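Chemist: Structure in structure tokens, see below.
The values are calculated or read from the model by the stated rules, or taken from the named source; none is laboratory data. Computed from a predicted model, the values in this text were never measured in an experiment. Here the Cβ positions follow ideal geometry from the backbone for every residue, glycine too, while neighbour counts run over all protein chains shown. Protein only, heavy atoms only, side chains kept; ligands, DNA and RNA dropped before computing areas. Shrake-Rupley method; radii C 1.70, N 1.55, O 1.52, S 1.80 Å.
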Amino acid sequence: MTTRVWDQEEINTELANILDEQFGARSFVMTGAKSLQDALACTSLEIVSFQMAIEDRFGLKFATGLVDRGAIDAEWDALTGIAELSLLIAKYTLPPEPK
């Protein structure tokens, strides 16, 4: 399976679309959030639904349980805002920089 290559502008546009679809017109915490869920001011069920939408749109794969957790899951857990999420998506969808 080949992962589609996204540029940062496309990621930001698609991420904004997902946010609109998932949460509608809400104000998000811009600074000082302790987690992505806190930044989005959403429930645990809403954050799972949001993560699934991210998977579907960008072709990412998050763990389904404790045994299959990887680096992307640890980075997801550490997110505190949308800008960080955009960079995480780019990291796991863009090809690696040439050495």
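Chemist: Of the residues that make up segment 18-27, is at least one assigned to a loop (DSSP other than H, G, I, E, B), closer than 18 Å to Glu84 by Cβ and open to solvent by less than 50 Å² (accessible area, probe 1.4 Å)?
Modeler: Within segment 18-27, not a single residue is assigned to a loop (DSSP other than H, G, I, E, B), closer than 18 Å to Glu84 by Cβ and open to solvent by less than 50 Å² (accessible area, probe 1.4 Å).
Chemist: In segment 30-60, what residues are touching a residue at least 12 places away in the same chain (Cβ under 8 Å), open to solvent by less than 60 Å² (accessible area, probe 1.4 Å) and either of a type in the set (Val, Ile, Thr) or assigned to a loop (DSSP other than H, G, I, E, B) (or both)?
Modeler: Residues of segment 30-60 touching a residue at least 12 places away in the same chain (Cβ under 8 Å): 30-31, 33-36, 38-42, 46, 49-51, 53-54, 57-60.
Cutting the leftovers down to open to solvent by less than 60 Å² (accessible area, probe 1.4 Å) gives us 33, 35-36, 39-40, 42, 46, 49-51, 53-54, 58-60.
The answer is Ala33, Ser35, Cys42, Ile54, Gly59, Leu60.
Chemist: Another question about this same structure. Do you know which residues across segment 61-99 are open to solvent by less than 80 Å² (accessible area, probe 1.4 Å), β-branched (Val, Ile, Thr) and part of a helix (DSSP H, G or I)?
Modeler: Ile72, Ile82, Ile89, Thr93
Chemist: Considering only segment 49-82, state which residues are closer than 18 Å to Leu19 by Cα and of a type in the set (Ser, Thr, Tyr).
Modeler: Once the filter is applied, which keeps residues that are closer than 18 Å to Leu19 by Cα and of a type in the set (Ser, Thr, Tyr), segment 49-82 yields Ser49, Thr80.
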